[in-house]
Amino acid sequence: MSTISHCPTCGSTSKVKEKNGIINYEAVQNDEAFKKIVQLKKAMEKFKAKSEALEKELEMFKAIK
């Protein structure tokens, strides 16, 4: 997932990408797109938490056997 931040030079809402130690800011020009990015990021975090909980539960079951 992309990290969202404000660009230090122009102040726009931007996606932050880092390659080889160089940070690039790519402007998000549509407010709907920005809202959708935030929504998707929250959904992915919830999925990740559920996945990690299931992995722990699976490890417990494997340890019992």
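Given Lys15/Lys41; Lys19/Lys50; Lys17/Lys41; Lys19/Lys42, which pairs have Cα atoms separated by over 19 Å?
Exceeds cut-off: Lys19/Lys50; Lys19/Lys42.
Go through the range 46-52 residue by residue and turn each phi into a ³J(HN,Hα) via Karplus (6.51, -1.76, 1.60, θ = phi - 60°); whole Hz please, and just put x for glycine and proline.
5, 4, 4, 5, 5, 4, 5
Using each residue's phi in the range 17-34, evaluate 6.51 cos²θ - 1.76 cosθ + 1.60 at θ = phi - 60° and report the 3J(HN,Hα) Karplus result to the nearest Hz, with x for Gly and Pro.
Here the 3J(HN,Hα) series is 10, 10, 10, 6, x, 9, 9, 10, 10, 10, 5, 9, 8, 10, 4, 5, 5, 4 Hz.
How much accessible area does Lys62 have with a 1.4 Å probe, in Å² rounded to the nearest 10?
120 Å²
Can you list residues from other chains, or at least 5 along the same chain, whose modelled amide H is less than 5 Å from the amide H of Val28?
Sorted by chain and number, the residues that satisfy this are Thr13, Ser14, Lys15.
Assuming 1.306 mPa s and 10 °C, estimate D for the chain with Stokes-Einstein, Rh taken as the Kirkwood radius over Cα pairs, in µm²/s.
In µm²/s, the coefficient is 111.
Counting Lys +1, Arg +1, Asp -1, Glu -1, what net charge surrounds Ser12 among other residues with beta carbon under 14 Å of its beta carbon?
That works out to -1.
Between the range 2-32 and the range 51-65, how far is it from one alpha carbon centroid to the other, in angstrom?
The distance from the Cα centre of the range 2-32 to that of the range 51-65 comes to 38 Å.
The values are calculated or read from the model by the stated rules, or taken from the named source; none is laboratory data. Every value quoted in this text rests on a predicted model; they were computed, and no experiment measured them. Quick reminder, even Gly has a Cβ in these numbers, built from the backbone with ideal geometry, and neighbours come from all protein chains shown. All accessible areas refer to the heavy atoms of the entire protein, side chains included, with ligands and DNA or RNA removed. Shrake-Rupley method; radii C 1.70, N 1.55, O 1.52, S 1.80 Å.
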